[in-house]
Amino acid sequence: MDFLPDDSLGDYRVVAPLGRGGMGEVYHATHRRLGRPVALKVLRDGGLSRRFLNEARIQAGLRHPNVATLYDYFECDGRACIAMELVEGETLAERLTARGPISFEEALDLLRPIAEAVAYLHRHGVIHRDLKSHNVKVTPEGRVALLDFGIAKELGAQGLTTGGAVPGTPEYLSPEQVRGRPPDARSDVWALGVLLYELLTGDVPFRAPSTFSLFERITRAEYRPPSGRAPGVPPEADRLVARCLQAAPSARFADASALLAALPSAAPRPSPTRQEPTPARPSQARSASPARPVRDRLSRLPRWVSLAAVLVVLASGSLAVESLRRPPPDPEAADAVIPVDAVPVGVRIDAIGEPAEVFRDGLRLGTTPLTLESYVGEDVAIELRRGDASAPIRFQTMPGKRAYTVSIP
């Protein structure tokens, strides 16, 4: 941290450091004249001031009980600063780490105010683009607040990233963001689905030993349903998550308002154990049973027809038993090709001369020089493109070979 307690930044006095983010540091500070406590975000890199100003401009126009309020934007010693509401409490990530997954009913109580905040953003033409458990806080009073608009974007605005980077946290990115396509409100819906999954299971739905493997799984929307990872998750929760985590944006909820409308008013509670009916007396069973008329009708059929009917019933019964014995399909069977003990390796990819774009299975990974996350033993096939020229690279990742530099004709 660059500042110590009692240091001054404009009209604010630093009280204590709170954390470090991708764009700068965050401090607990106090306005010297008003005495108001704030979370003071201080930009680390002057080259990112445009993004920092964009965050301030977007958040300054937002007023919602579940969105942290922005108070001030100023510059001090050439560094941009944002003073925003200091939200006390723990993040959802901290809560899950300390207590583990929660019930569907509790998850809905937390998801609903988050979705209300995101729906408010969508109505005002803003997409958040970085919804995750680390960016949501719950106060001791139970208020849920959405934080950090560092990469929020107004719909239709020009991009604020450079170098072909994909903004956001990898595990929460939607398939369209992974492919480098412009995100929209449905991308936030995807992230809300990931967040609901995390609340129910204690983990995100998409994990892999390398970034490319992770992106590959995301683009195929391959994940294990929440009920397969945590006991007691109802089918309704599985269906809700599945609607959010559709690979095609058009198959998801159109925006957070549509997701809100689909949330049940209260999570369904487990139904009580079904009581078996009291067995009827023999005389009652005989009078109520349809077996006798059936037997009478069968007795009047030719014998070979009756025998065929019995064989059909026996065959269908054996098929039913076999289907019950057969294990259900494993939703993560496609991941069997990735060893459990895979050792992650960073492989540097570069091109002689001007930077080139790096593609793998049609996905744009970025531009050279680029560090490709792989694992020992993985077969890698990528392509470098510069203008109309291209050069393929194929290799198997080994512990000793960490760099490939090629010439593009």
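Couple of notes before you dig in:
- Of the strands (runs of 3 or more DSSP E) lying entirely inside segment 318-409, those containing at least 3 residues that are modelled with pLDDT of 65 or more and under 23 Å from VAL178 (Cα atoms) span 344-351, 357-360, 363-367, 370-375, 379-386, 389-396.
- Residues that are β-branched (Val, Ile, Thr) and free of Cβ contacts under 8 Å to residues at least 60 places away in the same chain were ranked within segment 89-110; the one that is surrounded by the most Cβ atoms within 10 Å (Cβ to Cβ) is THR91.
- Strands (runs of 3 or more DSSP E) contained entirely in segment 1-117, each with at least 2 residues that are modelled with pLDDT under 90 and hydrophobic (A, V, I, L, M, F, W, C): 37-43, 70-76, 79-85
- Test: residue in segment 56-64 that is within 26 Å of PRO264 (Cα to Cα), within 24 Å of the chain's Cα centre (by Cα) and crowded, with 20+ Cβ neighbours inside 10 Å: no
Listed here are the residues, each with its yes/no results for (1) closer than 29 Å to CYS81 by Cα; (2) at pLDDT below 85; (3) assigned by TED's automatic domain parsing to the domain that holds GLY366.
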residue	(1), (2), (3)
GLY150	yes, yes, no
LEU160	yes, yes, no
GLY180	no, yes, no
VAL194	no, no, no
ILE218	no, no, no
ALA221	no, no, no
ASP238	no, no, no
ALA242	no, no, no
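The values are calculated or read from the model by the stated rules, or taken from the named source; none is laboratory data. Not measured: the values here are computed from a predicted model. Methodologically, a virtual Cβ is constructed for each residue, glycine included, from the backbone with ideal geometry; neighbour enumeration extends over all protein chains shown.
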